[in-house]
Amino acid sequence: MTHSTPHRQNTHTLLNVAVVGHTNTGKTSLIRTMLRSTEFGVIEDAAGTTRHVEQATLAADNEPILNVYDTPGLEDSRALFAHIRKLQAKAKLQLPVQVLEHFVTHVSSNDPLEQEAKVIRQVLRSDILLYIVDVREPFLEKYRLELDILAQAAKPIIPVFNFTAGHQHELDQWRQNLAAYRMHATLEFDTVAFSFEAEKRLYQKIQTLVESHYTPLQKLIDYRARLWNQTCLAAAKRITELVVSVACYRESKTSEHHRITAALVEDRLHDFVRKAEQRCLHDLLAIFNFSEKDVAMQKIPVSNGQWQLDIFAPGILKAYGLDVGSAAAKGAAAGAGIDLVVGGMSLGAATALGAIAGAGWSTFKRYGDEIKASVKGTKWQCADETTLIILYLRQKQLLKKLMHRGHAAQETVQVDKAENETLPEDWNKLISALRQNPQWQESSAMRNSHLQYQSIETQLVQALLES
Ligand SMILES: Nc1nc2c(ncn2[C@@H]2O[C@H](COP(=O)(O)OP(=O)(O)OP(=O)(O)O)[C@@H](O)[C@H]2O)c(=O)[nH]1
Ligand SMILES: [Mg+2]
């Protein structure tokens, strides 16, 4: 036996799912959303957009699990129904499904029902049908006739309600009507207002109706759940990276040797924040497999904050590994010993100060620089509170919108100030810790293994993902 045999067997027994329904109900849209691809097929707000059956395959870890078939929309269901009934009357002994088989094998290529024949042909070749419903429409005769014909194929049918957002009443009506048709295993799946939960339920419904494919479908469900979690996590991490890089950004305002005027420093900050946000957007779109066309983002209003390191805040001393509890550190905090620092500190002096607690001279030297700067009155120019808050809130809003955007959506996502989003608990603490650690601006092994950094990252990621 060769290695490829199991694989080949597998592909032969792939589950075939036909997506059917009246024209313009969102069949192609559903498949785009399932595939997370804006590329599949053509979507248009017009009847008869899809002209041929198109196939796509869904896989779990490279193992193909099911084929999904997009079909042309049914248009003239009354004519189709009448035609089928006529065939049935002609050959009374035939089973209902045989009548359909007869229809598809005898239809000519210029028959007015040729389009319908393509659909029925695919229906007969499939294991299960997803019948897409535009719930905004009432349960008209044409839909009843369609369902009658489809039911004749003797395949399980899952009615999928599309356009559900804001149409609860109509949805209830459809449910009642289909119940009268003994169709209870319905599903809400708005292809534009996406929810992963709805997608999962779609596979679970298929699973209960086609028992023989239970195990591969479970693989698919697990795989897609894993993928979805990874996608959301990667996005939240990317946003955290943005927030960190902006919060850590600082420029010394009195950087004389560069002779940069205050205005130039400001420009650089604006530029930095805008570009950083733009890059983040680019990455997020790639993570969710959307394109630049999908999102419109207004320029973020950036404002400058002047910020002075409050060097004696206990949190900072601790962050640098200094023993805050020592009498000398307390003394330093009270202002004593500053002259030591400013006057150029030696290792001996630092030790005498008693403030080094396992942090080592290099850390203390770095800390010393900041004390010097602080005493000299150096201020840092950085993105101010409002900028950081707006940046975070709009990224959170963007993330939510991307997580709930189906790949069939045509409307552009607008990113605004997002005042309805909330900041994480401890926001101020997180930001102040980041500001005190400009060396964290870019990812590095040292940063990423730093416990304090890890905890900040976790808090930001969790806050971004909570709804
Ligand atoms: N608001 C909203 N619009 C949707 C939804 N699903 C589809 N649409 C829109 O409905 C129209 C038809 O979508 P298609 O996916 O082309 O429909 P179809 O059933 O494949 O159409 P045919 O191929 O012509 O039979 C498009 O304008 C879509 O953008 C939805 O869930 N919500
Ligand atoms: Mg279509």
- Task: With a bin width of 5 angstrom, please list the P(r) values of segment 156-283 as percents of all Cα-Cα pairs, from the 0 bin to the one holding the largest distance.
- Result: 2, 9, 12, 12, 11, 9, 9, 7, 7, 6, 5, 4, 4, 3, 2, 0, 0
- Note on the structure: Residues meeting the amide H criterion for residue 60 (H placed from the backbone, H to H distance under 5 Å, 5 or more places apart or on another chain) are 65
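Rounded to the nearest 20 Debye, what is the dipole magnitude of segment 4-209 about its Cα centre when Lys and Arg each give +1 and Asp and Glu each give -1 at the C-beta?
Value, rounded to 20: 740 debye.
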- Given a 1.4 Å probe and every protein chain left where it sits, what share in percent of the accessible area of segment 31-153 is carbon and sulfur? 48
- Message: Using only the Cα atoms of segment 10-83, what are the Rg and Dmax in Å?
- Response: 13.8, 46
- Calculate, for segment 170-307, the solvent-accessible area per residue in square angstrom, rolling a 1.4 angstrom probe over the heavy atoms of the protein chains. 52
- Projecting the Cα atoms of 83, 157, 112 onto the charge dipole of segment 4-209, where Lys and Arg contribute +1 and Asp and Glu -1 at Cβ, the residue farthest towards the positive end is 83
- For residue 137, list long-range residues whose amide hydrogen, built 1.01 Å from N in the peptide plane, is under 5 Å from its own amide hydrogen. none
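Leaving ligands and nucleic acids out of the surface, order 446, 183 by accessible area at 1.4 Å, largest first. Provide the component values of the computation, followed by the final result.
Values: 446 160, 183 25 Å².
Order by accessible area, largest first: 446, 183.
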- Message: With equal scatterers on the alpha carbons only and no solvent term, can you work out the Debye log10 of I(q)/I(0) for segment 4-209 at 0.09, 0.11, 0.16 1/Å?
- Response: -0.34, -0.51, -1.09
- Going through segment 168-224, which trypsin sites (Lys or Arg not before Pro) have at most 14 other Cβ atoms within 10 Å and a DSSP loop state? 182
- Ranked highest first by the average count of other Cβ atoms within 10 Å around their residues, in what order do 120-128, 47-55 fall? 120-128, 47-55
- Rounded, prolate or oblate: which one fits segment 134-204, using the alpha carbon gyration tensor with axes a ≥ b ≥ c (rounded when a/c is under 1.5, else prolate when a/b beats b/c, else oblate)? oblate
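Using only alpha carbons, build the gyration tensor for segment 171-235 and give me the equivalent ellipsoid semi-axes, biggest first, whole Å.
26, 18, 5
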- Task: Express in nm, to one decimal, how much length is gained between residue 52 and residue 226 on full extension, taking 0.36 nm for each residue of separation and deducting their alpha carbon distance.
- Result: 59.3 nm
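Dipole magnitude of segment 155-273 about its Cα centre, charges +1 at Lys/Arg Cβ and -1 at Asp/Glu Cβ only, in debye to the nearest 20? Before the final figure, lay out the partial values.
Numbers: 15 positive and 14 negative charges, 97 e Å.
Here the size comes out at about 460 debye.
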- 5 Å binning of all Cα-Cα separations within segment 49-113, expressed as whole percents from 0 upward: 4, 14, 17, 18, 16, 12, 9, 7, 3, 1
- Roll a 1.4 Å probe over the protein heavy atoms and report the accessible area of residue 28 in Å², nearest 10. 10
- Message: Given the whole protein assembly as supplied and a 1.4 Å probe, what does the accessible area of residue 275 come to in Å², nearest 10?
- Response: 110
- Task: Could you please put 114, 251 in sequence from largest to smallest accessible area, using a 1.4 Å probe?
- Result: 114, 251
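The values are calculated or read from the model by the stated rules, or taken from the named source; none is laboratory data. Not measured: the values here are computed from a predicted model. Cβ: placed from backbone, ideal geometry, glycine included. Neighbour counts: every protein chain shown. Please note that ligands, DNA and RNA were not included when accessible areas were found on the heavy atoms of the full protein model with its side chains. Shrake-Rupley method; radii C 1.70, N 1.55, O 1.52, S 1.80 Å.
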